[in-house]
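First the structure, in the form of structure tokens, and then the observations on it.
Just so it is clear, none of the values below were taken in a lab; they were calculated from the coordinates. Values in this document were obtained by computation on a predicted structure and should not be read as measured data. Virtual Cβ from ideal backbone geometry, glycine too; neighbours counted across all protein chains shown.
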Amino acid sequence: MSVSVLTNVRRLTAATAVAAAVVGAAALPAAAAGHHSGRSHGVVYISTVRYDSTGRGARNNTELNQQWVAVSNHSRKAVNLNGWTLSDAAGHTFTFHHYSLGARATVRVHTGVGRDTRSDLYQDRRSQVWDKSDTAKLRNDRGRLVDQVSWNQHRATGHHPRQGGGRH
């Protein structure tokens, strides 16, 4: 009886390993196609980017605030983002100050000037940050890269959802 159980356990383990390899191989092209860093989604990650797809540049505060990066917390607990940074390829950097991202919540970091809320933060800039070809990098308070998303002029829209993200 125990030999039969052991054989069934081995078969189940082998089938599970094969299924995991197939799922993992199928997921690779989706991550590469999305221009992601290749890192797995952690607890906090860049879920959506809305950038200037025209290349004309934002001309007023309303247009600047239509450009944003959404940062999401996938966990069941709030995460203190104090000291975390969000930056672009040119080195424009936004630092989170005294901000805690709630459990299963998302915050949009807008480029322009505005009044901060739980779901919307503002960089208070007077010129655009996110270009039609750029990279958004999220770093923790120790400077370690947590997540990054890149896009280029070949994308048809100015709205870039992450694989598995998209909650706005």
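Residue pairs whose Cβ atoms lie under 7 Å apart, separated by 6 or more positions or on different chains, with the first residue in the range 136-151 and hydroxyl-bearing (S, T, Y) and the second in a strand (DSSP E or B), are S150/T135. For L145, the conditions (1) surrounded by 15 or more Cβ atoms within 10 Å (Cβ to Cβ); (2) under 15 Å from I46 (Cβ atoms) are fulfilled apart from (1).
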